[in-house]
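> Quick one: this structure, given as structure tokens, is what I'll be asking you about.
The values are calculated or read from the model by the stated rules, or taken from the named source; none is laboratory data. Keep in mind the model is a prediction, meaning the values are calculated, not measured. Every residue, glycine among them, receives a Cβ derived from its backbone with ideal geometry; neighbour counts consider all protein chains shown. These accessible areas exclude ligands, DNA and RNA; they are computed on the full protein's heavy atoms, side chains included. Shrake-Rupley method; radii C 1.70, N 1.55, O 1.52, S 1.80 Å.
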Amino acid sequence: MCRALTLVGLLLSSFSVEAQGGPTPTVEAEVLARRLGETTWGMEELLAGKVEQVTITLRVEELDGDGNVKHTQERVDRVTVKDGQHHREVLQASKDGQDATEALRKDLEERQRKGEVRTAFNSVNLPFAASHLAQHRFSLASPDPREPHRLRLRFEPRADDTRAPYVHKGEALVDPNSGQLVRLVYSPTELPDMADRVDVRMDFRAQPGVGQVLDTLHVDAEGGFLFYRKHLRITARYSNLVPAKAQASR
């Protein structure tokens, strides 16, 4: 904790001086980005051998042209990680208020049996994760008047990685007292097929003995083909996280 406080203190003092005379040095932002990568777990980290189990509570809303909800799907899944393999099971599910647990459970089990299910979370990765840090450029921004107590770390693709997969543009909000990530908001530079817009927000919480972990993921997306358009609003909550024994013993 002392290291985090010292680091953020230096960053804030440097920022206050540079804000008056010019842009904040990239090196200061890079230091903070690397530190956040060491103390924060996104989905890529959660399912890369650092946890044995996590529960995902998912709500998917399909909106009409006026922004009203016309269809809703809800489900609770448990993901178990063992020997690098992911196994997902449906605990509870509903569609438009009607129970759909058995139908979705059978469908998932059949697809897993055929090897058609792959738990991929790279699309919601952290820009300062070790595997993506070098693809992003970081800079410190002036405080947001709506949240002047937060430190803002902006990120964007490096010039030669503008269209690289899983590279994002947005900002991280950091608690200057603890040095921990609070929230991440971004849009991917490489959109999924048939998507016109994807806005992502990730909220984080403290996990004892671990650091900051992903708590809630919000996605607002629009896209489609010709006259078939969709507007989806997705919320995923990650809970009941069980760290792997190797992690818990540290």
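> Only one of Ala120, Ala134, Ala100, Ala130 is modelled with pLDDT of 85 or more, within 25 Å of the chain's Cα centre (by Cα) and among the small types (Gly, Ala, Ser); which?
On the way: Ala120 fails: modelled with pLDDT of 85 or more; Ala100 fails: within 25 Å of the chain's Cα centre (by Cα); Ala130 fails: modelled with pLDDT of 85 or more.
None of the other options fit; the residue is Ala134.
> Still on this structure, please answer the following. Six or more apart or on different chains, Cβ atoms under 7 Å: show the pairs whose first residue is in the range 137-148 and free of Cβ contacts under 8 Å to residues at least 12 places away in the same chain and whose second is in a loop (DSSP other than H, G, I, E, B) and aliphatic (A, V, I, L, M).
none
> Still on this structure, please answer the following. Enumerate the pairs (first residue in the range 62-91 and open to solvent by 90 Å² or more (accessible area, probe 1.4 Å); second residue anywhere and outside any loop (DSSP other than H, G, I, E, B) and among the acidic types (Asp, Glu)) with beta-carbon separation below 7 Å, excluding pairs fewer than 6 apart on the same chain, so at least 6 apart or on different chains.
What qualifies is Lys70/Glu62.
> Something else: I'd like the full set of residues that are part of a helix (DSSP H, G or I) and surrounded by 14 or more Cβ atoms within 10 Å (Cβ to Cβ), limited to the range 92-106.
Here is the first cut: in the range 92-106, the residues part of a helix (DSSP H, G or I) are 101-106.
Within the range 92-106, Thr101, Leu104, Arg105 qualify.
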